[in-house]
Structure formats: C-alpha cells, structure tokens
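These notes concern the structure reproduced below.
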Amino acid sequence: SPGRAARQQASVQSGTSDILKPTTMASDGKVQFKITLTSDPKLPYRVIKVPQDAPFTAVLKFAAQEFKEKEETSAIITNDGIGINPAQSAGNVFLKHGSDLRLIPRDRVGSAFA
C-alpha cells in the first residue's frame, strides 16, 4: 500500500528545539517536514523526510504514531492555524504550506459540541 511505502522510506529525527535549517525539496524527490506536537508544553517535534509523491495521509498517520497519538482524531495544521487537507501528496502540501507544521491531537477534531 502507498502508506506502507511512505513509512518504510520515512526517516525521523526528534527534539525540542525551535531551531531548524530551512528545508527545500530535495533533488532525490523527497520533502522534509518539521511537525510539532501542540498539546505538549515542551513542544516536541519530529523531522520527517518522505517521498514527495507519498500521500499526506501517510505523513499524518506516521506523525501521530511517532507522538503516540490517535491518527483518527489528529489533524495537521500550519503555524498560522490553517488546516491541511490530507487528501493530497506530501510534495503538494510542502509547496502550498512549507515544511513547518503542527499536529493537533483532539478527541473530536472538526466536530461541533452541542
């Protein structure tokens, strides 16, 4: 499956620093994202490098697993708070939103409370 291939080719670094060199699309057809966990006051992050044609749903799933969060109730947003539709390629997300993203784990992402 495409998600499995993305996980197999993904490489991860982790840390708690806010400093990261600007990244670009690599010549090897991969993109790199710095994904920060917003629910932790220490703001831990993971740097994930995936093929640019990988589905972004696989990136979301992989990031949620790295932070031990439920993928079904997690979303990835930009630093400006704009939600990212995961139904596109990782390369497309990189071009539209850049490399610095945030994971928001919630019990009910996108649902209204009565």
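We did not get these values from a lab; they are worked out from the coordinates using the rules stated. The structure presented is a predicted model; accordingly, all values stated were derived computationally and were not measured.
Here are the numbers:
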read-out: Full-extension gain in nm, Asp100 to Lys42, via 0.36 nm per residue minus C-alpha separation; value: 19.2 nm
read-out: Translational D in µm²/s for region 30-80 (Stokes-Einstein at 10 °C, 1.306 mPa s, Kirkwood Rh from C-alpha pairs); value: 139 µm²/s
